[in-house]
Amino acid sequence: MNYLGVFLLIIIFMMIHIVADYVVIILGLMLMVVVGVGSFREVFSLFGDTSF
């Protein structure tokens, strides 16, 4: 449920264009770590790889 809430919040912020999309994504990923969706390593693992 935590993941779903953060995910919907990210989608809503991207739709109403509060800030740039990349800022919303980074803040959303940090929020996922804070609410306990996953560890920092799990949430940000795609940024450490050479391909997406």
Counting only residues that are part of a loop (DSSP other than H, G, I, E, B), touching a helix residue (DSSP H, G or I) at 6+ places or on another chain (Cβ under 9 Å) and either open to solvent by 90 Å² or more (accessible area, probe 1.4 Å) or at pLDDT below 90 (or both), segment 39-52 contains a total of 2
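Could you tell me whether any residue of segment 11-29 is acidic (Asp, Glu) and loosely packed, with under 10 Cβ neighbours inside 10 Å?
Looking for residues that are acidic (Asp, Glu) and loosely packed, with under 10 Cβ neighbours inside 10 Å, one finds none in segment 11-29, hence no.
The values are calculated or read from the model by the stated rules, or taken from the named source; none is laboratory data. All of these numbers come straight from a predicted model, not from anything done at the bench. All Cβ positions, glycine included, derive from the backbone under ideal geometry; neighbour counts span all protein chains shown. Ligands, DNA and RNA are excluded from the accessible area calculation, which covers all protein heavy atoms including side chains. Shrake-Rupley method; radii C 1.70, N 1.55, O 1.52, S 1.80 Å.
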